[in-house]
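Enquirer: Supplied in structure tokens, the structure appears directly below.
The values are calculated or read from the model by the stated rules, or taken from the named source; none is laboratory data. Keep in mind the model is a prediction, meaning the values are calculated, not measured. All Cβ positions, glycine included, derive from the backbone under ideal geometry; neighbour counts span all protein chains shown.
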Amino acid sequence: MCDSYKLDISAIYDKLKKIVDKNTQDQISKKFKDIMINPYSGEKKKHNLKGHYAKKIKGQRYVLLYKIIEEDCLVIFIDFGPHDEIYKKYS
């Protein structure tokens, strides 16, 4: 396990830019910081999303979906969006 992880948000950058609610922005920022320290703190996914992790934002309204590349100390964000929309997309 790495001391800290680099984050690759390129796949979700455009979606993040559209979030205008300051409270949600703050929560996303906090989740990024948490993930940099311990990406395994996210919920380990199963079935179609095996090998991925998720962090919920604003209760269960939004989800950050990511995978961990341990050998590179890297977290790659795969998707971000409303909870139901994300899980429907990957089911």
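Enquirer: Return the residue satisfying two criteria in turn: it lies in the range 58-74 and is of a type in the set (A, V, I, L, M) and in contact (Cβ under 8 Å) with a residue 12 or more places away in the chain, and of such residues it is surrounded by the fewest Cβ atoms within 10 Å (Cβ to Cβ). Explain how you work it out, then say what you get.
Expert: So in the range 58-74, the residues of a type in the set (A, V, I, L, M) come out as 63-65, 68-69, 74.
Retained after the next criterion (residues that are in contact (Cβ under 8 Å) with a residue 12 or more places away in the chain): 63-65, 68, 74.
Details: VAL63: 21, LEU64: 24, LEU65: 24, ILE68: 20, LEU74: 15.
Once the filter is applied, the top-ranked residue is LEU74.
Enquirer: Mind checking which residues of the range 25-42 are part of a helix (DSSP H, G or I) and exposed (fewer than 15 other Cβ atoms within 10 Å of the Cβ)?
Expert: Filtering the range 25-42 down to residues part of a helix (DSSP H, G or I) leaves 25-37, 39-41.
Scanning the range 25-42 gives GLN25, ASP26, SER29, LYS30, LYS33, ASP34, ILE37, TYR40, SER41.
Enquirer: Could you list, in sequence order, the residues of the range 1-24 that are under 19 Å from GLU70 (Cβ atoms), over 12 Å from the mean Cα position of the chain (by Cα) and not in a loop (DSSP other than H, G, I, E, B)?
Expert: LYS6
Enquirer: Please identify the pairs in which a residue from the range 1-23 that is closer than 12 Å to VAL75 by Cβ has its Cβ atom under 7 Å from the Cβ atom of a residue that is assigned to a loop (DSSP other than H, G, I, E, B), counting only partners at least 6 apart or on another chain.
Expert: CYS2/CYS73; TYR5/CYS73; LYS6/CYS73
Enquirer: From the set of residues in the range 53-87 that are assigned to a loop (DSSP other than H, G, I, E, B) and over 22 Å from LYS6 (Cβ atoms), which is modelled with the highest pLDDT? Walk me through it before giving the result.
Expert: The initial filter retains those residues of the range 53-87 that are assigned to a loop (DSSP other than H, G, I, E, B), namely 58-61, 73.
Next cut, over 22 Å from LYS6 (Cβ atoms) only: 58-61.
Working: LYS58: 80, GLY59: 76, GLN60: 73, ARG61: 90.
Here the answer is ARG61.
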